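Notes follow the structure.
The values are calculated or read from the model by the stated rules, or taken from the named source; none is laboratory data. In this text, all values refer to a predicted model and were calculated from it rather than measured experimentally. Using ideal geometry, Cβ is built from the backbone for each residue, glycine included, and neighbour counts are taken over all protein chains shown. The accessibility values were calculated without ligands, DNA or RNA, using every heavy atom of the protein model including side chains. Shrake-Rupley method; radii C 1.70, N 1.55, O 1.52, S 1.80 Å.
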Amino acid sequence: MRFGGNTSCVEMRTADTLVIIDCGSGLHNLGRALAQSGECVRGHILITHTHWDHIQGIPFFGPFFRSGNEWDVYAPKGLGQSLHDTLAGQMQYVYFPVRLDQMGAKIRYHELVEGDFRVGDIKVRTQYLNHTALTLGYRLEADGAAVVYSTDHEPFSRHLASGKGPIQGQDRRHCEFLACADLVIHDAQYTLSEYADKVGWGHSTFDYAVAMCREAKAARVALTHHDPTRTDYAIEAIVSGIRSEEANATAGLDVFAAAEGQRLDLQPTERAIVSDQAPLSSTPALATPLILLAVKDPVAANTIRGAAHEDGIAMLEAGAEDEALSTATTAQPSLVILEWGPKTADVLAREDLTMRNIPILVVADEEHLSAKAVSDWLIRPFSSAYARTRIRACLLRTTCRWERALTSQNEEQRLASLHGLGILDTPPEERFDRITRLAASIFNAPMASISLVDRDRQWFKSSYGLEAVESSRETSFCSHAVAAQDVLVIPDAFQDPRFSDNPLVTGWPRIRFYAGCPIFVGPDCIGTVCVLDNRPRQIDENSLSLLRDLAALAELELRKPQSLNE
Ligand SMILES: [Zn+2]
Ligand SMILES: [Zn+2]
């Protein structure tokens, strides 16, 4: 009754940004509250993972049905099905009368890996949690305050369930993710005695959650994702036990249980702002991931084979560590999985694999902290779902390094100029199609477009050889040309770290070559005329000046009042 009969859903607001984290059953009431104002809503939704208790509110979320509302939905990138398909799955005909695509609001989907991005005035950092599905924790910073949302999550090292003992490895990394937060919302599903039967279920104990927040010097922790059979009374008793312990501690962590409808105001403290870190470095994305497996334990090896098979990942098998090492030299796998043995530390010390930046996942009975070259551990016994999650995390952590273009300082003015044209979402027009046809023909390229860079998308006023009407700004090439306000030429996207594993390069439409020339309205760069090819190529000065001419023509057309063209 008090601590919530609903599943996970949290609303967060800054002066001008609305963020919802997780879409559990609590989303229904939140939707009703949002609809009460009667105004259009623009918001962002961060989903930690797509287990049912975190997405089941979506079909019942009123603001998705209303046209004029705009939503950006973010969730961890999977290896197979897209986010949209996963969410649409629970709204198939047999389950629900309205399909996801029939909802009136404009909904955009974004798939995330570990890293940093922005929504409105909020800086968001993501980090993988330890759960039975690939799950992201979110750290949000705005106005000098930091909030971390961290559920569903289990201690990486099981001894830490007691909240005692050294914090190392992945748990240390988790702790750094929570560092100095003004508020942490943390998984606390089990008591320590319950946890003994729930190892590997992907959830924390009260003790672990509090110990991590204490170590991280967080100011407050809201304990959540309680066991469904726990009563309000039991939660109160546990929390008051922790609070009286905490009263004697010097750091003074404020511990409470998150309650239904509870509202907290966070004041700027400037205690917690993470400085810009170096981007995640890595090997280029491989179109098809390949795992090299050197695990003799038949049970573990079979579980891993099954997990890889479920995700359609190819696997090469090596007999022993030495063999794995020599095979890796030629086979270039995206991940090596070894079994811990007496020689493993020596093999890893040779650094042949680590020098190649190939991640190494080691199957063992416990973590061997001396083995620094290990990217991650699979501690026995583990389920197939757990192995699958660790494999996905290893592969995804190392495969993404493409960059979203920066937004300029006068972004709002730029958007005002673009919107002032009244051109967005208008039907195709011959006067623009003529320009993209010419561009494709002059460059002998299969694709060309007039792309206008909106707040969160690029929209094509005209496109030749491309079926899409718009695509996400996250992956947009044109957005880079707009940011630079200059011609952008990418002779071979595979060779350019900003684009080599961009989803538009590794997947459809498989861009290898890009040349884009900016279009201006007054001082504001609003988009480009661009040509694209599936082959790498060079471009000479003469062709480049023709591209500039085409951009100038597009500019003229865009400035013409609509009435002149009818
Ligand atoms: Zn879950
Ligand atoms: Zn959950």
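Table for the structure above
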item: Charge dipole of segment 430-500 about the Cα centre (unit charges at C-beta), most positive-ward option of Ala483, Ile435, Trp459; result: Ile435
item: Simple Cβ-charge dipole of the chain, Lys/Arg +1 and Asp/Glu -1, about Cα centre, in debye nearest 20; result: 400 debye
item: About the Cα centre, charge dipole magnitude for segment 10-134 (Lys/Arg +1, Asp/Glu -1 at Cβ), debye; result: 160 debye
item: Cα long-axis angle, helix 411-420 against the chain (0 to 90 degrees, to the nearest 10); result: 50 degrees
item: Sum of side-chain charges, Phe513 neighbourhood, beta-carbon under 9 Å (Lys, Arg +1; Asp, Glu -1); result: +1
item: Assigned charges on the beta-carbon of Lys, Arg, Asp, Glu; segment 433-566 dipole about Cα centre (debye); result: 160 debye
item: Full-extension gain in nm, Tyr95 to Arg350, via 0.36 nm per residue minus C-alpha separation; result: 86.3 nm
item: Under-5 Å amide H pairs with Gly527, H placed in peptide plane, nonlocal only; result: Val453, Ile519
item: Set of lysines near Lys164 by C-alpha distance (under 29 Å), chain-local residues within fewer than 8 positions excluded; result: Lys198, Lys217, Lys372
item: Segment 44-64 versus segment 402-430: alpha-carbon centroid distance in Å; result: 29 Å
item: Other-chain or far-sequence residues with amide H under 5 Å of Leu253's (modelled H); result: none
item: FRET efficiency estimate (nearest 0.05) - Cβ-Cβ, Arg32 to Glu366, R0 60 angstrom; result: 0.75
item: Amide H partners (placed H, <5 Å) of Val184, local residues excluded; result: Val148, Arg220, Val221, Ala222
item: Relative packing of peptides 297-304, 98-105, 17-24 - highest average C-beta neighbours within 10 Å first; result: 17-24, 297-304, 98-105
item: Gyration tensor verdict on segment 423-566 (Cα atoms; rounded if a/c is under 1.5, prolate if a/b is larger than b/c, oblate otherwise); result: prolate
item: Computed over the chain: relative contact order in percent, which uses C-alpha pairs under 8 Å that are six or more apart; result: 9 percent
item: Per residue accessible area in Å² of segment 447-566, where ligands, DNA and RNA are left out and the probe is 1.4 Å; result: 41 Å²
item: Estimated translational D of segment 77-152 in µm²/s (Stokes, Kirkwood radius over Cα pairs; 37 °C; 0.692 mPa s); result: 224 µm²/s
item: Residue-averaged [θ]222 nm for the chain, counting only DSSP H segments that reach four residues, each worth -39500 (n - 2.57); result: -8500 deg cm²/dmol
item: Rotationally averaged projected area of segment 510-560 (alpha carbon convex hull; nm²); result: 3.9 nm²
item: Whole-number D in µm² s⁻¹ for the chain, Kirkwood Cα-pair radius fed into Stokes-Einstein, 20 °C, 1.002 mPa s; result: 83 µm²/s
item: Candidate aspartates and glutamates for bridging to Lys77, where Cα separation is under 15 Å - those fewer than 8 sequence places away on the same chain excluded; result: Asp85, Glu111, Glu114, Asp116, Asp311, Glu474, Asp501
item: Low-density loop cleavage sites - trypsin sites (Lys or Arg not before Pro) in segment 115-167, where at most 14 other Cβ are within 10 Å (DSSP); result: Lys164
item: Inter-centroid distance (Cα atoms) of segment 466-523 relative to segment 121-200, Å; result: 36 Å
item: Segment 1-66: Rg to Rh, with Rh as the Kirkwood radius over Cα pairs; result: 0.96
item: Those residues of segment 161-198 whose amide nitrogen sits under 12 Å from the label point placed on Asp227, 7 Å along Cα→Cβ; result: 189-198
item: Label point at Asp549 placed 7 Å out along Cα→Cβ; residues across segment 430-451 whose backbone nitrogen lies under 15 Å; result: 435-444
item: Nearest-ten-degree value, helix 541-559 long axis tilted from longest Cα axis of the chain; result: 90 degrees
item: Distance in nm between pseudo-label sites at Glu194 and Phe117 (7 Å out along the Cβ direction from Cα); result: 3.4 nm
item: C-alpha long axis of helix 206-215 to longest principal axis of the chain, angle in °; result: 70 degrees
item: Packing-based order for 206-216, 189-199, using average beta carbon neighbours within 10 Å, highest first; result: 206-216, 189-199
item: Cβ-based charge dipole, the chain, positive-most Cα from Gln413, Gly202, Leu129; result: Gln413
item: Theoretical FRET efficiency, 1/(1+(r/R0)^6), r = Cβ-Cβ of Thr426 and Glu260, R0 35 Å, to 0.05; result: 0.15
item: Positive-end extreme of charge dipole, segment 139-222 - chosen from Thr151, Gln168, Cys180 (charges on Cβ); result: Gln168
